[in-house]
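I have placed the structure first, in the form of structure tokens, so that the comments after it can refer back to it.
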Amino acid sequence: MSARHLGRLRTQIGHGIQNVIVIVVMILTLAPFLWVASNSIKPRPLIYEYPPKLLFKPTFEHYVDVFANFKFQNHFRDSAIVAAASTAIALVAGSLVAYAIARFRLGGTPFRFFLLAMRTLPGIAIIIPLYAMFRDLGLLDTYWALIIVYPVYMTPLVAWMMIGFFREVPLEMEEAASIDGCSPWGVFWRVVVPVTLPGFVAAAILNFIGGWNEFLFSLILTGRNVQTTPVASAGFISNKDVLWGQMAAAGVAASIPVITFTIIVQRWLVRGLTLGAVK
């Protein structure tokens, strides 16, 4: 066998191994979600069978129960309002902080590490004083409790992501806009923001997912009037029983909006995460 054919064979073997690795990773990644999805359409008696049955007659009784009896659509609304409002606030605050750091060297390196420290601060360390503060302000079990808390954790992530984008924007573009009569605010909103839009989209997606899935603050700071989907899903566990079918149906339903939104804007997400938007 010639060296050329040997090299081609090695390349084909390498591609085959890569494909096998990708398939194995995909199976391991999708297996938990597929297991939950199968339980969501599996009749209740079959959920407890061992070994589990892979072939069965699907039923949507769990979905009907979740939305008809448990009013899960109300928890969807609460999660959407809290996640969207918190993400919007974090994008505005984080982008301004990132622009100040990128263009004016605000705070230097210590300030950037302070932002990172805020992101890594465990929620359990501050939940008690937050609870007492919101109780005294009368904001417990309201949207405002979560809308105020979530951006505190979201803003550092937005700032860290957007610093790199803003640094890649040519300074000459901003100077040209200033010469044409743009104010500093006009330069930022009309020139810098449109150019770095993929970064904003990537930051928005990551923060929206984080706000949608957050559990601890929602569990402690909300209750009967406001309840997000993670807390509502945990409500299917009681001291008497675990409603596995309803919990699986709620989990699948709660993941659909985020998955759909991510698929729609995945082109912007990839460009944003790879810092490929600024030419």
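Every number here is computed from the coordinates shown, using simple stated rules; none is lab data. Small disclaimer: the values here were computed from a predicted structure and weren't measured. For neighbour counting, all protein chains shown are included, and Cβ atoms are generated from backbone atoms with ideal geometry for every residue, glycine included.
Worth a mention:
- In the chain, lysine pairs with alpha-carbon atoms under 30 angstrom apart (chain gap of 8 or more, or interchain): 9
- Rounded to the nearest whole Hz, the Karplus-based 3J(HN,Hα) values (6.51 cos²θ - 1.76 cosθ + 1.60, θ = phi - 60°) of region 99-106 follow the sequence 5, 5, 6, 5, 9, 10, 6, 4, with x at glycine and proline.
- For the chain, the 222 nm mean residue ellipticity estimated from helices alone, with every DSSP H stretch of n ≥ 4 adding -39500 (n - 2.57) and the total spread over all residues, rounds to -24000 deg cm²/dmol.
- As a length-normalised measure over Cα pairs under 8 Å and 6 or more apart, the relative contact order of the chain settles at 29 percent.
- Distance cut-off 17 Å, percentage of C-alpha pairs in region 1-103 lying past it: 76 percent
- Binned Cα-Cα distance frequencies in region 24-166 - 10 Å width, integer %: 10, 23, 23, 23, 16, 5, 0
- Spin-label proximity, TYR143 to region 226-264 - amide N less than 15 Å from point 7 Å beyond Cα toward beta carbon: 226-229
- Shown here are the Rg and Dmax of the Cα trace of the chain, at 24.1, 82 Å.
- Gain in span if fully extended, ARG190 to ALA132, counting 0.36 nm per residue against the direct Cα distance: 16.7 nm
- Mean Cβ neighbour count within 10 Å, used as a protection proxy, ranking 256-264, 203-211 highest first: 203-211, 256-264
- In sequence order, region 24-38 has phi-based couplings of 5, 5, 4, 5, 5, 6, 8, 4, x, 5, 5, 5, 5, 4, 5 Hz under the Karplus curve 6.51 cos²θ - 1.76 cosθ + 1.60, θ = phi - 60°, and Gly or Pro positions carry x.
- Using the Cβ-Cβ distance between VAL92 and TYR48 with R0 set to 41 Å, the FRET efficiency works out to roughly 0.25.
- Distant-in-sequence amide contacts of ILE126, defined by a placed amide H-H separation under 5 Å and a gap of 5 or more residues or a different chain, comprise nothing.
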